[in-house]
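Here is the structure we will look at.
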Amino acid sequence: MRNDRLHRKEGVFVKHLNNQAFLAHPETNAIFNLNELGCAIWHVLETPIYTEEIADLLYIAFPDIPEENIHSDLMSLILQLEQNGLISLSPT
């Protein structure tokens with residue numbers, strides 16, 4: 001797993017609805033839907049954090065989900081959030 005330092009981009013609008021969240025980027029007009037796991041990831045991105053730290057937190061918060069699934073979902077979401085201009089990555 002790459003251990004990039006991640007942080008939210010400024011100005012992203014967030015609307016929570018039940019166990020989901022919708023993100024909107026005002027500059028790119030990107031709209032993105034997060035499930036419960038995605039919401040947990042977005043929450044920890046409130047302050048800059050490393051990918052491995054996020055994974056460790058998710059393994060604890062979601063003990064019933066296999067670590068391989070969490071890892072796969074985490075990496076997929078990071079890629080999608082970055083491609084949509086919602087987060088920034090700083091390689092270590």
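Coordinate-derived values only; no laboratory data. This is a predicted model, so every value here is computed, not measured. FYI the Cβ positions are ideal-geometry reconstructions off the backbone, even for glycines, and counts take in every protein chain you see.
Quick notes on this structure:
- Ratio of Rg to Rh for the chain: 0.94 [Cα atoms; Kirkwood radius as inverse mean 1/r over pairs].
- For Tyr50, residues with placed amide H under 5 Å, excluding near neighbours: Leu6
- Extension gain for the segment Cys39 to His7, taken as residue separation times 0.36 nm less the Cα-Cα distance, is 10.1 nm to one decimal.
- Note on Gln83/Phe62: beta-carbon distance plugged into 1/(1 + (r/R0)^6) with R0 of 41 Å gives a FRET efficiency of 0.95.
- Residue among Asn18, Asn29, Asn69 with the largest mean-square fluctuation in a Gaussian network model of the chain, springs linking Cα atoms under 10 Å: Asn18
- Between the beta carbons of Asn69 and Glu27, assuming R0 = 30 Å, the FRET efficiency works out to 0.40 to the nearest 0.05.
- Computed from backbone phi, the HN-Hα couplings of the range 29-36 come to 6, 6, 10, 9, 9, 10, 7, 4 Hz, rounded to whole numbers (Karplus: 6.51 cos²θ - 1.76 cosθ + 1.60, θ = phi - 60°; Gly and Pro given as x).
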